[in-house]
Structure formats: C-alpha cells, structure tokens
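For reference, the structure is listed below as structure tokens.
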Amino acid sequence: MGYTFHFRDVFAAQDALLSGLALTLQLTATTIVAGFVLGLGVAAAAVYGPRWARRAAHAYVEIIRNTPLLVQLFVVFFGLPSIGIKLDVIPVATIGLAINLGAYASEIIRAGIESIPKSQVEAAVALGLTGRQVFRHIILVPALKNVYPSLTSQFILLMLATSVASQIAAPELFYAGSIIQSRTYRDFEVYTVIAVAYLVLALLLRVVFALCYRLLVRRR
Amino acid sequence: MALVELRSVVKRFGDHVVLNNVDLSVQKGEIIAIIGRSGSGKSTLLRCINGLEPVQSGEVLVDGVAVHDPKADLRKLRARVGFVFQSFNLFPHLTVERNITLAPTIVKGLERDKAAVLAREALKRVGLEEKLHAYADQLSGGQQQRVAIARSLAMSPTIMLFDEITSALDPELVGEVLRVLENMAREGMTMLLVTHEMNFARRVANRVLFMNQGTIWEQGPAAEFFQSPKTDELRNFLGSVLN
Amino acid sequence: MIRELSWVDPLYLIFALRWTVAITLLALAGGASLGLVVAACGSSGNAASRLAARGYVGLVQGIPLLAWLFLFFFGFPIFGIDVPGWLAATVAFSVYSAGFLGEIWRGALLSIPKTQWEASASMGLSYLEQLRYVIIPQAVRIATPPTVGFIVQLIKNTSLASVIGFVELTREGQMTAAATLAPLPVYLMVGALYFALCYPLTTYSRFLERRLRGAR
C-alpha cells in the first residue's frame, strides 16, 4: 500500500479541533433554542392564525424544505448586508441554521398540535377556558410530549448539519478540519478524526435527549 | 323566570335540519330526562344550551344569558353550566386534582390552596377522595366519569348537563355513576340528562322529553310519560327499548 | 474578470441542473442497490445480519454528509484506487443514501403484519413467492412516499458536491456569483431552480401519503 497513517499530526492540532468542537456545540445549542421558538410560533400561526398567516407559514416551510441548506446559508450570508445588517459570521450562521430548523420543527410541532383529540378541547371549552388558556394548558404540553422523539431526532440532524456552516467560514469543527488538512496534508486522517468526533457527539446527544425524556416527560 | 328557555330554535348541519323549531322551558330545580333514537337531535339540543353548537335561528336563554347571540361572552356562562360528556374527556396529562382545579384557578382566579379544598369536596361528593393524585389512565371508566362530574361540580354550576354519560361504560360500572346523579338530584341541582337509562329516568326525573325528527315530540311528568304514552312514535320507541 | 449579470446567466444555471439530476440518479442507483441489501439484512432472521445493518445505518446517520464526501474523496487515492472526483462523490452519496433508504425500506417491510405472511404461507406459497406476490408489493406501496421524500433530500444534498469542486448547480452559482459580484440574485435564482425541481416531488410524495392513508 505504501502509505503510513499519520494521526499524530492531527492530534498535534488538538487546540484547533477543540475550539472548532466548542463552536459546533455552541451553534447547535443556540440554533436549537432559536429554531424551536421559531418553529413553535410558525406552527401556532399555521393552526390558529388568520388566512394570510397560514399561507405565509406554509410558504416559509415549503421554501426551506425544497431548497438546500448550503444555498440558504449563502442567501442569508449575502442577503443580510444588502439590507444593511452587518453581522459576524457566527451570528449569520446561527440565523441561517435557525431559519432552516424552524421550518422542520414547525411541521413536527404542528402535527403534534393536530394530534390532540377535539374532545379534549371541547371539555376545556365547556369548563369556560379561553382559546389561549386551552392552548396553554391542554394542547401545548401534551403535543410536545407526543412529538418529543421526532423533534429531538431533528435536533441531532441539525447538529450534523452545522458542518455546512463551514462553507461560509464559520470556524466550527468541520472548518477546523479543513484548516488542519491544508496545513498538514493529512487529508484522510483529519476527516477520519472529524467523522468520529461527530459520531460521538451524535451518540452523546441521543443519550442526553433520552435522559431528558425520562426526567421530564415520563411521569412515573 | 325559567333557568333555561329555548324559543323556536332551529339548528342545521349543512342542509340537514337537526333541531326543527324547538321550544323548551326549564325551571330551577327541575330534573329533565331527554330520550329518543340516535339522530333525533337530543345531544345537539344539550350542546346548544351551553353554546358548543351555534343555532341558525331562534333564541337560547340560559340564566339570563343570550347564548344564541354570536357576540355573547360564553365563558362566564360556561362557568355556571356544567357539561359532562359521554367519553369523559378527562385531561390525561394532569392528575385528578389538577383536572378539577384547572378551571377554578384559571377561569375564576381562585387561589391554588382554596381550589385544592374545593377539589377534595367535589371528589367527596362523588365518593372518590382517595384518587386525588391519580391519573385518568389509572381509573376505571366509572371512576373517570365520576371525576368528570366532580370537575364540573367544582365550578358550582347552577345547572348540569349530562350527554349520555353512561353509554360508554361497562354495565357493572353504570350504577356508581347513577348513584352520584341521584344524590345531586336530591340536593336540588337543576339537571338535564340525555340518557338511555329508562328506569333511572322514570325514578329520578320530574319531566321526560321524547325527541323525534328534531322536535320535542312528546313530553310529560315521568310516571305518566312512561305509563301512558300519547303518541304512536313514543309507544313504539318505549316498546323497543324497554324489552 | 468582472462582468455584469446578464440574461445568459440563468440559462447557464439551468443547464447546470442536468449535472444535479445526473448525480442524483447515479447516487440513487447506487444507494438503492446497497439500500436493498441493508434493508434485507436488517429484517432477516439472522441476528448478526441485523446487527451489521443497524451498525451501518447508525454509522452513516451519525456522520455529516460533508465528512463522507471528504473521506471518500481523499480516501480512494490513499488506498491506491485512482478514481475521478465525480465517481468518489457518487460513491459517497450512494453509501449515505443506502443508510437512509435501508432504514425506510426496513420499516416498510416490518410494518407488514405477520398475518400476511401466515395467510400466504397457508396458501402454500414458498418464501420467495410470498415475498414476490404478497409482501413486497405491499411494502413498496408503503415505502414509496418516504422514498420520494428522500429523493428530494438527495437532490438538495448534491449541492454539497460543489465543495469538492464538482460543477453542478450550486458550483455553477458560486462561479457566476464570483464573476458578476452579484451573489444575492444569483443564489436566489439557484434556490428557485432547486425549488422548481423539488417542490413537485414533495407535493407528489404528500399526495401518495394521503392516498395511502385513505386506502388503509
């Protein structure tokens, strides 16, 4: 084969890798929060809003779901300055990722809301609760509990998708990999280490979400 | 003044007329049983009284509130009109206690500890105090229905509406629910029940209504109603259900 | 050399679409073949096969597609296999797709109730005949909506081939944006073209799903 693997060079650059990893985690966390809030709002608009809001929500979801994340990031990256918003690359990446996640999250949450039987709503209305009270006490929490698995799967997909932000020079884990690669020419070793890092992260996230489920969602 | 007053009420689902010029007057303390075939409009009649179904024409006046007015604020009324459903509709993610205290705390603004006392008393009235911290799926059908009744009672309603509340129960669980209803009747609650339990209706109700083709076909005091039906349709109906 | 954005540019973008479609079809062919194997192993009676399939799916779904692209792009030459860039990319996409299609198809197979097997066995059909006449036709109907949905994902994923230099729609857009210094209108056009390709498929997938739910 005539090739020796030189993982040592990769591990020598561990500072760069770790700082990239830290940004990946930060991007993931902030995007999950922002994307969830956005998704909740859009889902509520899609179910309860006036017709123009329902149409806007539907259009937003369809546009995001039928275009690649890479192109969305480019549009946000070049689009924000053109309307006068000058931001650093990390906030730009977060915004682009959150807009993307928000669309998928809203579809999942909307399915959850619509899965609550009408009889539950009727009983609450018959007791005198307002629409908002019904949503807050009877619909929201059961709906989120129902879709928790789908939602957290989507969050893990998001974590993996943060790698695409490397293409707008966000210095997350994948970007760190390409920097190390250009410096050491250990292309294959670098990306093997990066791939394993993502795999471990994905498994860790899955464990964390499963734990949260047991603590928060299952009551007995 | 009648507690519930329906005048020339017409209700349509699309082209289908479900309530065809219904007039009804209910006095305070009356216990009225409503019987009839499925599709005769009896559940719809009940649901129009607390505004779960809108009416196309006519007037529905409940405790002074014009329910038929689209601009009416029905929330305040619904706090005074209790409604118990055939499928109980307990909130599965809340404990029994929270099911019962939800409306008093949110709609009436009662403090949590006062509401908790209310919940315990309501559960006592239906004989289920020990189930305060249980969840709906831990209870039998009969117990769930009694909790549903307690949930409505906790709002101190002036009138209670029951929509076939024993129809979804296994036969051996029906008795415990009917006993609760009998106690409430004895305490003087105004009650309207859509029911198939003819013996219960005969024993407990003051007045019985027979719904047919969207109108009140025949009505009368309970004893006379069951003993000497005046119309053929009622006679046929009683003949088929009482065997 | 900087030039003005002109009416020719959208045309170049549209022409670049054919490469997007080409990679998608190639990746689909590779991914579907491998995916069938993964699905079959995942639903077999053999515990080792099932474990292998689950391991494959877990591995593929736990690593970003960009990483897979780079691993194959840089990996092939290291192992002495000299392949053109587009072939490395296609292999990466196929391996990735198999990890998702295999899961979708395994789920579809598993959702056929055991009673279907029992009924067809009682009619005297062999294992292969059961598969061919009773099980697979039903599984195909169930699997089609999510498979069409995945094809949409694949089309979007081909945009990442631009990162290793492959000239499909996104790369064409990048080059046009660099040449005209008008990135926003260019990328909006690129997005619109992807939308035009994907939206009909998404709608079709939803239509299939509704029809399936109605029939059951």
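Those residues that are among the hydrophobic types (A, V, I, L, M, F, W, C) and closer than 14 Å to B:T101 by Cβ, I need them from region B:111-147; list them, please.
B:A115, B:A116, B:V117, B:L118, B:A119, B:A122, B:L123, B:L132, B:V147
If you go through region C:178-190 one residue at a time, do you hit one that is within 12 Å of chain A (Cβ to nearest Cβ), of a type in the set (A, V, I, L, M) and part of a loop (DSSP other than H, G, I, E, B)?
Looking for residues that are within 12 Å of chain A (Cβ to nearest Cβ), of a type in the set (A, V, I, L, M) and part of a loop (DSSP other than H, G, I, E, B), one finds at least one in region C:178-190, hence yes.
Scan region A:147-159 for residues that are within 10 Å of another protein chain (Cβ to nearest Cβ) and buried (at least 18 other Cβ atoms within 10 Å of the Cβ) and report the count.
Residues in region A:147-159 being within 10 Å of another protein chain (Cβ to nearest Cβ) and buried (at least 18 other Cβ atoms within 10 Å of the Cβ): 2 in total.
Does C:A67 meet the test of being crowded, with 19+ Cβ neighbours inside 10 Å, of a type in the set (A, V, I, L, M, F, W, C), within 14 Å of another protein chain (Cβ to nearest Cβ) and over 16 Å from C:L154 (Cβ atoms)?
Considered against the rule, which asks whether it is crowded, with 19+ Cβ neighbours inside 10 Å, of a type in the set (A, V, I, L, M, F, W, C), within 14 Å of another protein chain (Cβ to nearest Cβ) and over 16 Å from C:L154 (Cβ atoms), C:A67 comes out as yes.
Given the conditions (1) under 23 Å from A:I64 (Cβ atoms); (2) free of Cβ contacts under 8 Å to residues at least 60 places away in the same chain; (3) buried (at least 19 other Cβ atoms within 10 Å of the Cβ); (4) more than 8 Å from chain A (Cβ to nearest Cβ), and given that C:A196 satisfies all but one, which numbered condition is not satisfied?
Against the list (1) under 23 Å from A:I64 (Cβ atoms); (2) free of Cβ contacts under 8 Å to residues at least 60 places away in the same chain; (3) buried (at least 19 other Cβ atoms within 10 Å of the Cβ); (4) more than 8 Å from chain A (Cβ to nearest Cβ), C:A196 comes up short only on (3).
Have a look at B:L192, B:L234 and point out the one that is within 16 Å of the chain's Cα centre (by Cα) and aliphatic (A, V, I, L, M).
Answer to the selection: B:L192.
Tally the residues that are within 23 Å of C:M189 (Cβ to Cβ), exposed (fewer than 14 other Cβ atoms within 10 Å of the Cβ) and more than 21 Å from the chain's Cα centre (by Cα), restricting the search to region C:13-50.
So the count comes out to 1.
Look through A:R214, A:R186, A:R136 and report the one residue that is in contact with a His (Cβ under 7 Å, 6 or more places away or on another chain) and not acidic (D, E).
Matching residue, one of A:R214, A:R186, A:R136: A:R186.
Kindly indicate whether any position in region A:199-211 is assigned to a loop (DSSP other than H, G, I, E, B) and within 20 Å of the chain's Cα centre (by Cα).
Scanning region A:199-211, I find no residue that is assigned to a loop (DSSP other than H, G, I, E, B) and within 20 Å of the chain's Cα centre (by Cα), so the answer is no.
Consider A:I116 against the criteria (1) within 14 Å of chain B (Cβ to nearest Cβ); (2) part of a helix (DSSP H, G or I); (3) touching a residue at least 24 places away in the same chain (Cβ under 8 Å): it satisfies all of them except one. Which criterion is unmet?
The number of the failed condition is (2).
Check whether at least one residue in region B:113-132 is at pLDDT below 90, of a type in the set (G, A, S) and touching a helix residue (DSSP H, G or I) at 6+ places or on another chain (Cβ under 9 Å), and report yes or no.
no
Just wondering, is there one or more residues in region B:71-86 that are at positive phi and at pLDDT 90 or above?
no
Go over the candidates A:A123, A:A111 one by one and state the one that is closer than 27 Å to B:H93 by Cβ, facing chain B (nearest Cβ under 10 Å) and not in a loop (DSSP other than H, G, I, E, B).
Within the list A:A123, A:A111, the selection yields A:A123.
Can you list the strands (runs of 3 or more DSSP E) found entirely within region B:1-111 that contain at least 1 residues being closer than 23 Å to A:I116 by Cβ?
Counting at least 1 such residues, we get B:81-84.
Can you name every residue in region A:52-87 that is of a type in the set (S, T, Y) and within 11 Å of another protein chain (Cβ to nearest Cβ)?
The answer is A:T67, A:S82.
How many residues does region B:129-156 contain that are within 12 Å of another protein chain (Cβ to nearest Cβ), more than 19 Å from B:V81 (Cβ to Cβ) and touching a strand residue (DSSP E or B) at 6+ places or on another chain (Cβ under 8 Å)?
Residues flagged as within 12 Å of another protein chain (Cβ to nearest Cβ), more than 19 Å from B:V81 (Cβ to Cβ) and touching a strand residue (DSSP E or B) at 6+ places or on another chain (Cβ under 8 Å) within region B:129-156 amount to 3.
What number of residues within region B:201-226 satisfy the criterion of being of a type in the set (A, V, I, L, M, F, W, C), free of Cβ contacts under 8 Å to residues at least 40 places away in the same chain and closer than 30 Å to B:G127 by Cα?
Number satisfying all stated conditions: 1.
Kindly establish whether B:Q86 is within 13 Å of another protein chain (Cβ to nearest Cβ) and farther than 18 Å from B:M155 by Cα.
yes
Would you pick out the residues in region A:135-146 that are facing another protein chain (nearest Cβ under 8 Å) and free of Cβ contacts under 8 Å to residues at least 60 places away in the same chain?
Passing the criteria: A:H137, A:I138, A:V141, A:P142.
What's the number of the condition B:N99 fails, among (1) in contact with an Asp or Glu (Cβ under 7 Å, 6 or more places away or on another chain); (2) closer than 26 Å to A:K145 by Cβ; (3) within 14 Å of chain A (Cβ to nearest Cβ)?
All conditions pass for B:N99, except number (1).
Of the conditions (1) modelled with pLDDT of 95 or more; (2) away from every other protein chain (no Cβ under 11 Å), A:S163 satisfies every one except a single condition; which number is it?
Of everything listed in (1) modelled with pLDDT of 95 or more; (2) away from every other protein chain (no Cβ under 11 Å), A:S163 misses just condition (2).
Taking region C:155-176, which residues are in contact with an Asp or Glu (Cβ under 8 Å, 6 or more places away or on another chain) and under 15 Å from C:F73 (Cα atoms)?
C:T158, C:A161, C:S162
Take the residues in region A:95-120 that are of a type in the set (S, T, N, Q) and surrounded by fewer than 22 Cβ atoms within 10 Å (Cβ to Cβ), then tell me which one is nearest to A:I32 (Cα to Cα).
Checked region A:95-120; the qualifying residue nearest to A:I32 (Cα to Cα) is A:S115.
Quick one: how many residues across region C:2-12 are closer than 19 Å to C:V167 by Cβ and surrounded by fewer than 16 Cβ atoms within 10 Å (Cβ to Cβ)?
Number satisfying all stated conditions: 4.
Pairs under 7 Å by beta carbon, first residue closer than 12 Å to C:I142 by Cα and modelled with pLDDT under 90 in region C:201-214, partner surrounded by 13 or more Cβ atoms within 10 Å (Cβ to Cβ) and of a type in the set (K, R), six or more apart or different chains?
C:L212/C:R141
Are any residues in region A:166-220 among the hydroxyl-bearing types (S, T, Y), within 11 Å of chain C (Cβ to nearest Cβ) and surrounded by fewer than 16 Cβ atoms within 10 Å (Cβ to Cβ), and if so, which ones?
Answer for region A:166-220, where residues must be among the hydroxyl-bearing types (S, T, Y), within 11 Å of chain C (Cβ to nearest Cβ) and surrounded by fewer than 16 Cβ atoms within 10 Å (Cβ to Cβ): just A:Y185.
The values are calculated or read from the model by the stated rules, or taken from the named source; none is laboratory data. Note that the coordinates shown come from a computational prediction; the quantities given were computed from them, not determined experimentally. Please note: Cβ atoms are built from the backbone with ideal geometry, for glycine as well, and neighbour counts cover all protein chains shown.
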